Each structure stands twice: as C-alpha cells, then as structure tokens.
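The values are calculated or read from the model by the stated rules, or taken from the named source; none is laboratory data. Bear in mind the structure is a predicted one, so any value in this text is a computation, not a measurement. When we count neighbours, we look across all protein chains shown, and the Cβ atoms used for this are built from the backbone with ideal geometry, even at glycine. Just so you know, the surface numbers come from the protein's heavy atoms only, side chains and all, with ligands and any DNA or RNA stripped out. Shrake-Rupley method; radii C 1.70, N 1.55, O 1.52, S 1.80 Å.
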Amino acid sequence: MPCKTVRILTLRFTPYTGEQALCLAHRLAAAHRPACIFTPNAEMAHRATRSPAFSDLLNRADLLLPDGIGITTAARMQGTPLPRLPGIDFAEALLRTAPPSGYRLFLLGARPGVATKAGKALCRRFPRVTVCGVQDGYFAPEMAHSVAAAIRAAAPDLLFVCLGSPRQEEWIAVHRPPCLAMGLGGALDVWGGEVKRAPQIVQKAGMEWLWRTLRQPSRLARLPALAAFSARAMWDAHLTKGEKCQKEG
Ligand code: UDP
C-alpha cells in the first residue's frame, strides 16, 4: 500500500492503484462502521480551496478517488501522478467484485423513480447485489433524519448517495450511516437510463466533462470553477513541482 499522499490544491490523495482502492473499499464495507469514499473532481477541489470546512470534510474520507481528468492532469503537472479512478466506474467494479455473500445496497438521490430504475438495472448486471432500499433526492430538509433512520433500518453494506456536491458529502458527514457510503453525483441518472454516458473513446480521452457540458448546457455555469482550478493547479505546479509527495500523517 502506498505510504505517501499527493496534494492537489488543498486535497490529499493517496495514490492507490484501482486494485488497492477496491481492496480497501471491500474491507470498509465488511466492517459495517461509518466509512466514506468521496470522488472529487476539479470543481469540488476548487470549492475546497474556498471552504476550509468542505476541504476538511473531504480530507477526512477513508478514501478519496481522483475522479476527474482535472485532478489527474494537475497531479501529472506537479510530477506526482495519480491514476484516474472515476467514481461511477469504481462503484461498478465494487459491485462486480462483491463477496459471495453479496452486498445489500441502498440508493439515495436523483429524481423520484430514477433510483428504483437504477437499482433494477444494477441487480440485472450484478447478481450478487440486492437493493435493500431507495429514496429520491428531493425530500424536504426536515425529512433528512427520517431518511437516515430508514437507511439504518435497511442495514445496507453500501450506500450510494447521489445528491450532487457538496450536499451529498455533507449529508454523509452529518448522518454517518453505519456502512460504506459513496458520494456519486449523477451516477443514478446514468444507471437509471436518464442520462447516457459519453462513448468509450471520449471517456478514455478524459473528455466526458465536455460531452456532459454540451448535452446539458446548464453545466456551462460550472466552467468558471474549472478555469479557476486549472489556473491555481498550474501555479501550484510551477511553484512546488516535485515537492508535493508528503509522508502520510
Ligand atoms: N439531486 C438530488 N437532489 C437535489 C439536487 C440534485 O437528488 O436536491 C440529484 C440530481 O437529480 C442528479 C444528482 O443529484 O441525479 C447530481 O448530478 P450531477 O450531474 O450534478 O452530479 P455530478 O455527476 O456532476 O457530480
């Protein structure tokens, strides 16, 4: 296991390979204690520079996955490469490699009906997965505690929280469900058939963000954050190239 962390702006990533990260995730799921995996992209890393509380919340995760091409490009620029591990692909790999006893999965988020469709699709693809509950992401704030209670009663091994960032990370940090929780943005929309992922060639080129922006022009509003992230990452790389690997702890 790697013993160093790589700092991208204010976030600290451990440079796990996909296999090491999966191994850790399965161990966390088996423990049935509050644990979380967050999947920062450039926009989240930029938000973290403006909010120390959000930055701390992300850095306290059991595992931070370098989800976006912005993070891995910044890592490469400063001479401390990180493998890219998109959250949605990692979540699928986790379900694909579920233990023989299977995983109980709770799906939280997206518009009404989408999580149910996503659950059916995931069970078809991954026979060792049982969906033990779903809840859409448009409940009133005063319902948050009863949603958390319903999740605890369903006793999942895994909880996928798809409320958008930062709401999903904050929800997980406040409610600390006794299972492995992952913040997964728009993944339920993809699994539920609402949104199509970019073709493989676009994904491999790291251009999925551009594909999504072109198909959902409302995402144009996110571009200034991406520009700010890129400028800050280039400046950081210029200043401290080669000095970003720190001893863990
Ligand atoms: N969402 C939700 N409740 C809200 C706001 C958003 O459940 O109050 C869902 C939304 O329906 C979508 C997901 O959160 O399924 C956010 O998707 P987005 O594409 O913005 O996330 P990304 O993948 O870019 O992080």
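Before moving on, here are some points about what is shown:
- Summed over the range 71-91, residues that are touching a residue at least 24 places away in the same chain (Cβ under 8 Å) and within 16 Å of the ligand (Cβ to nearest atom) total 8.
- Residue count, the range 150-168 (criterion: in contact with a helix residue (DSSP H, G or I) (Cβ under 7 Å, 6 or more places away or on another chain) and surrounded by 23 or more Cβ atoms within 10 Å (Cβ to Cβ)): 6
Quick grid of which residues meet (1) open to solvent by 50 Å² or more (accessible area, probe 1.4 Å); (2) within 14 Å of the ligand (Cβ to nearest atom); (3) aliphatic (A, V, I, L, M):
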{"site": "Gln200", "(1), (2), (3)": "yes, no, no"}
{"site": "Ala205", "(1), (2), (3)": "yes, no, yes"}
{"site": "Arg219", "(1), (2), (3)": "no, yes, no"}
{"site": "Leu226", "(1), (2), (3)": "no, yes, yes"}
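- Taken over the range 51-110, the criterion of being surrounded by fewer than 24 Cβ atoms within 10 Å (Cβ to Cβ) and of a type in the set (Asp, Glu) is satisfied by Asp56, Asp62, Asp89, Glu92.
- The range 27-50, residues that are part of a helix (DSSP H, G or I) and surrounded by fewer than 17 Cβ atoms within 10 Å (Cβ to Cβ): Arg27, Ala30, Ala31, Thr49, Arg50
- Restricting the range 98-130 to residues that are assigned to a loop (DSSP other than H, G, I, E, B) and among the small types (Gly, Ala, Ser) leaves a set whose member that is farthest from the ligand (Cβ to nearest atom) is Ser101.
Yes or no, residue by residue, for (1) in contact with a helix residue (DSSP H, G or I) (Cβ under 6 Å, 6 or more places away or on another chain); (2) modelled with pLDDT of 90 or more:
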position	(1), (2)
Arg197	yes, yes
Gln203	no, yes
Trp211	yes, yes
Arg219	yes, yes
Ala227	no, yes
Ser230	no, yes
Met234	no, yes
Ala237	yes, no
Lys241	no, no
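- Residue list for the range 159-195, restricted to those being at pLDDT 95 or above, part of a loop (DSSP other than H, G, I, E, B) and within 12 Å of the ligand (Cβ to nearest atom): Leu163, Gly164, Ser165, Pro166, Leu184, Gly185, Gly186, Gly192, Glu194
- Residues located in the range 134-158, provided they are outside any loop (DSSP other than H, G, I, E, B) and over 20 Å from the mean Cα position of the chain (by Cα): Pro141, Glu142, Met143, Ala144, His145, Ser146, Val147, Ala149, Ala150, Arg152, Ala153, Ala154
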